[in-house]
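Here the structure comes first, spelled out in structure tokens, and everything after it is commentary.
The values are calculated or read from the model by the stated rules, or taken from the named source; none is laboratory data. A quick note: this is a predicted structure, and the numbers were derived from the prediction, not measured. Cβ atoms come from the backbone with ideal geometry, glycine included; neighbour counts cover every protein chain shown.
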Amino acid sequence: MSIRTIVVGCGAVAQRLYRKPLARLAKQRVLEVVGLVDPAADHAREMATSFAGARHFTSLEEACKQARPQLTLILTPPALHCAQTLTAFEHGSHVLCEKPMANSTAECQRMNEAAASAQRVLAIGMIRRFFPAFAKLRTLVQGGALGRLQSFEYREGHKFEWAVTTPAAFKPRSQGGAGVLFDIGTHALDFLQSVFGSMTAATYADDAAGGIEATVAMGLRAQDCQGEMHLSWDVPQVNELRVVGSSAEAVLRVDRFDQLAIGRPGAFVPQVIDESFPVDLHQDAARRIVPLSYPDAVLCQLVQVLRAIELGEKPAVDGQGGAACIALLEQALSVAAPLPEPWLASREQAAAARLHWSNR
Ligand SMILES: NC(=O)c1ccc[n+]([C@@H]2O[C@H](COP(=O)([O-])OP(=O)(O)OC[C@H]3O[C@@H](n4cnc5c(N)ncnc54)[C@H](O)[C@@H]3O)[C@@H](O)[C@H]2O)c1
């Protein structure tokens, strides 16, 4: 029977990443999109062009009462994730919540307690878990292909060009905004912790003065190695994850689905990328794909949540995994310092440091 599904938040991520895989699953009658929840009627109307039978609601409470969803997709700005997840559980729905899970560990805890008491699935949307090159790297590192782990370096940066439909992300953190740390940082740190285990931030610096940060640098410690992470919405970076071990190095292109090489500087060998994920709800997962596009990766993520609901399987990132990522972000903020900006004159550098939020 089709799983009654509602989409909460019909902005950029709904329209650009979720629409196509949802339409495919609806066509296969695996799920039915019965409601589109968004106070912006034009955003809901845009999604409705692909889901003719879905009703438009401006309130999640009303949608839960009238559309009676079994699965709620929370695709709204992060400051709304906790309250909307709690509402969905109160009405007996399972939840897939986009990253970041929430803006604080306290909110994550409330979401996990609500999932446990409602006995419902809480999955967190971490699309990169379904990038086959990422999955392959994790398998290789954990299988010892690089020897004893020594260090890693994660760099991702480009001009911000995601076509958000609201300015929610750009408000100061105290008003619910989420800069590059909670945006790309959740993807990066979730993946790094899945490879290297629980980590702590030894150092963290950002360039947020009155608003949210656009560039961050973090020094990280894991049990077996240490590393660095550099992220920017502003400054182009090399966009790769490099892991150095005692016998080899691995280099992953973070903006590609299938680019991973292993070797030594000057002698890297591209790896065959064949990690696949189920796209049906059968126990033996007979149909699988190697996702090579964002909609394919979202399809695999949605199917995994449906398999969690129907077959009791564990989603790639559940509420505990989502909370572990937010805990690391929160710990990094507790050691925050102003990011050095050496391109400024020295008196401007001093003024920028005085404006930094950690000095207020
Ligand atoms: N997985 C990824 O690669 C990826 C990419 C982009 C965004 N995201 C995440 O998706 C979420 C949404 O991002 P976006 O880029 O679509 O933002 P957006 O601002 O474009 O869209 C947010 C939508 O939520 C709607 N909204 C606001 N208040 C609401 C409410 N009370 N109830 C229902 N809808 C409401 C807005 O009208 C808008 O349509 C964020 O958590 C973001 O981090 C994930």
What are the residues in segment 142-176 that are touching a helix residue (DSSP H, G or I) at 6+ places or on another chain (Cβ under 6 Å) and within 16 Å of the ligand (Cβ to nearest atom), if any? E156, A163, V164, T165, G176
Every listed condition ((1) under 22 Å from the mean Cα position of the chain (by Cα); (2) without any contact (Cβ under 8 Å) to a residue 60 or more places away in the chain; (3) over 30 Å from V33 (Cβ atoms)) holds for R307 save (3)
For segment 60-83, which positions are under 25 Å from the mean Cα position of the chain (by Cα), over 21 Å from Q109 (Cα atoms) and among the polar types (S, T, N, Q)? Q70
Select, from A67, A116, A83, A52, the only residue that is closer than 30 Å to L333 by Cβ and either away from the ligand (no atom under 13 Å from the Cβ) or at pLDDT below 95 (or both). A116
Given the structure, is T165 closer than 23 Å to T76 by Cα and at pLDDT below 95? yes
Any residue at all in segment 92-104 that is farther than 23 Å from G176 by Cβ and either within 15 Å of the ligand (Cβ to nearest atom) or crowded, with 22+ Cβ neighbours inside 10 Å (or both)? yes
Across segment 2-40, which residue is farthest from the ligand (Cβ to nearest atom) among those that are more than 25 Å from the chain's Cα centre (by Cα) and over 24 Å from T85 (Cβ atoms)? R29
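Matching residues to (1) small (G, A, S); (2) in the same structural domain as W233 (by TED's automatic domain parsing); (3) loosely packed, with under 14 Cβ neighbours inside 10 Å:
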site: A135; (1), (2), (3): yes, yes, no
site: L140; (1), (2), (3): no, yes, no
site: A145; (1), (2), (3): yes, yes, no
site: L149; (1), (2), (3): no, yes, no
site: F152; (1), (2), (3): no, yes, no
site: K159; (1), (2), (3): no, yes, yes
site: P167; (1), (2), (3): no, yes, yes
site: S174; (1), (2), (3): yes, yes, yes
Which pairs do you get when a residue that is hydroxyl-bearing (S, T, Y), found in segment 65-76, comes within reach of a residue that is in a strand (DSSP E or B), reach meaning Cβ atoms under 8 angstrom, with the pair 6+ apart or on two chains? T72/T5; T72/I6; T72/V8; T72/H94; T72/V95; T72/L96; T76/V8; T76/E98
